[in-house]
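Below: the structure, in structure tokens.
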Amino acid sequence: MDLIQQIIERAKSNKQRIVLPEAEEERTLTAADMVLRDDIADIILIGNPEKVNALAEEKGLKNIGKASLIDPLHCEKSEEYAALLAELRKKKGMTLEQARELVKNPLYLGCMIIKTGDADGQISGALSTTGETLRPALQIIKTAPGITCVSGAMLLITKKPEFGENGVLVVGDVAVTPMPDADQLSQIAVCTAQTAKSVAGFDDPRVAMLSFSTKGSATHEVVDKVIEATRLAKEIDPQLKIDGELQADAALVPGVGAKKAPGSDIAGKANVLVFPCLEVGNIAYKLVQRLGDAVAIGPILQGIARPVNDLSRGCSVEDIYYLVAITACQAMDAK
């Protein structure tokens, strides 16, 4: 069974409630129909009921009736949500009237549904920008306990079973924080290891903090940052298996790891790679994807108290379908 199917089966085993606030969008609605057909998650659609139902009929979608459908302009709980939102944002000067207007926005409404415990995760981005997806999530759901830095992980499925976890690697950050400091980088490490568990199903995440140096082979302030981040990550999670600074070959190749970092429990055995900055991470995963013919799945947003994931506006129906399963797996672990 390949990794994608494993993720789907894990989602099926403990169905979560996933909000799709862009229900009037054709790809989103088609993916929702597939999710409901395959019994992967319970779906909450946000959109104009007439438009959603008309689109479903036009496309011949037979399973949409299994979803909960909420009209953002006539939600039964809109006043309750508005009052809570105004309370959450009162230090920022939000009034109740402003909150009432915001909860008509499907992205805000979805996050309020999650905040009050009526849903477990949300996916948007087929129509919305990353900023539009993240803003309500950070204002309402906020970051996980002890985490202040949101980041994005990527699953890399390679054709090299000798590396990572039978060829699978989880890497981060590839999407959100351009130049993390040591504290932020330590949080990215902890969150990426958690994603490796909850989404990729790794029983034993082994985290390599990457650099152009291995164990003092070079000196520079950016190397010092990685060393400090490794120390801080151990403080956040004393059980975390992590080492750094390591070059990529020392992290992945047993012979190189033994030579460059003798005695390390991670060198040559890493299945989670943490990049020193977003620039490196984004370039690296795309090179592996294109030159190494790897499958890249993500980015998977991490660090939010309940999972909220962002799609590319060029996403396919299959992208949305798979991300529902991924979000469901994250949601299981976030409870």
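If residue 50 satisfies every condition in (1) within 30 Å of residue 295 (Cβ to Cβ); (2) open to solvent by 10 Å² or more (accessible area, probe 1.4 Å); (3) modelled with pLDDT of 95 or more but one, which is the exception? All conditions pass for residue 50, except number (1). Within the stretch 252-279, can you find the residues that are part of a loop (DSSP other than H, G, I, E, B) and touching a strand residue (DSSP E or B) at 6+ places or on another chain (Cβ under 8 Å)? If the condition is that a residue be part of a loop (DSSP other than H, G, I, E, B) and touching a strand residue (DSSP E or B) at 6+ places or on another chain (Cβ under 8 Å), then 261, 264, 265, 266, 267, 269, 270, 271, 275, 276 are the ones that fit. Taking the criterion of being open to solvent by less than 40 Å² (accessible area, probe 1.4 Å), in contact with a Gly (Cβ under 9 Å, 6 or more places away or on another chain), over 23 Å from residue 59 (Cβ atoms) and at pLDDT 95 or above, the residues of the stretch 1-43 that qualify are 7, 16. Going residue by residue through the stretch 261-271, is there one that turns out to be among the small types (Gly, Ala, Ser), open to solvent by less than 30 Å² (accessible area, probe 1.4 Å), more than 23 Å from residue 191 (Cβ to Cβ) and in contact with a helix residue (DSSP H, G or I) (Cβ under 9 Å, 6 or more places away or on another chain)? Yes, the conditions are met somewhere in the stretch 261-271. Look at the stretch 80-94: where a residue is without any contact (Cβ under 8 Å) to a residue 24 or more places away in the chain and a partner is open to solvent by 40 Å² or more (accessible area, probe 1.4 Å) and part of a helix (DSSP H, G or I), sitting 6+ places away or on another chain with Cβ atoms under 6 Å, you get 82/100; 86/96. Kindly list the number of the only condition in (1) over 25 Å from residue 330 (Cα atoms); (2) part of a helix (DSSP H, G or I) that fails for residue 282. Only one criterion is unmet by residue 282, namely (1).
Quick one: would you say residue 222 is over 24 Å from the mean Cα position of the chain (by Cα) and on the phi < 0 side of the Ramachandran plot? For residue 222, the condition - over 24 Å from the mean Cα position of the chain (by Cα) and on the phi < 0 side of the Ramachandran plot - is met. Scanning the stretch 115-135 for residues that are closer than 16 Å to residue 16 by Cβ and over 15 Å from the mean Cα position of the chain (by Cα) yields a total of 5.
Residue-level check: of (1) within 28 Å of residue 281 (Cβ to Cβ); (2) open to solvent by less than 40 Å² (accessible area, probe 1.4 Å); (3) touching a helix residue (DSSP H, G or I) at 6+ places or on another chain (Cβ under 7 Å), residue 72 misses just (1). In this structure, is residue 147 open to solvent by 10 Å² or more (accessible area, probe 1.4 Å) and β-branched (Val, Ile, Thr)? Here the answer is yes, as residue 147 does meet what is asked.
Per the listing 211, 124, the residue uniquely surrounded by 22 or more Cβ atoms within 10 Å (Cβ to Cβ) and farther than 23 Å from residue 263 by Cα is 124. Of the residues making up the stretch 296-320, those that are open to solvent by 20 Å² or more (accessible area, probe 1.4 Å) and not in a strand (DSSP E or B) number 9. Candidates 228, 165: the one that is more than 24 Å from the chain's Cα centre (by Cα), open to solvent by 60 Å² or more (accessible area, probe 1.4 Å), modelled with pLDDT of 95 or more and among the charged types (D, E, K, R) is 228. Note on the stretch 247-282: residues that are within 15 Å of residue 299 (Cβ to Cβ) and modelled with pLDDT under 95 total 1. Does residue 104 fit the bill of being surrounded by 14 or more Cβ atoms within 10 Å (Cβ to Cβ), in a loop (DSSP other than H, G, I, E, B) and without any contact (Cβ under 8 Å) to a residue 60 or more places away in the chain? Answer is yes for this residue.
Residues that are at positive phi, more than 16 Å from the chain's Cα centre (by Cα) and either open to solvent by 10 Å² or more (accessible area, probe 1.4 Å) or in contact (Cβ under 8 Å) with a residue 40 or more places away in the chain (or both): does the stretch 173-189 have at least one? Among the residues of the stretch 173-189, not one is at positive phi, more than 16 Å from the chain's Cα centre (by Cα) and either open to solvent by 10 Å² or more (accessible area, probe 1.4 Å) or in contact (Cβ under 8 Å) with a residue 40 or more places away in the chain (or both), which makes the answer no.
The values are calculated or read from the model by the stated rules, or taken from the named source; none is laboratory data. Just so we're clear, the structure is a prediction, and the values are computed from it rather than from any experiment. Heads up, the Cβs are rebuilt from the backbone with ideal geometry, glycines too, and the neighbour counts pull from every protein chain shown. SASA here: full protein model, heavy atoms, side chains in, ligands and nucleic acids out. Shrake-Rupley method; radii C 1.70, N 1.55, O 1.52, S 1.80 Å.
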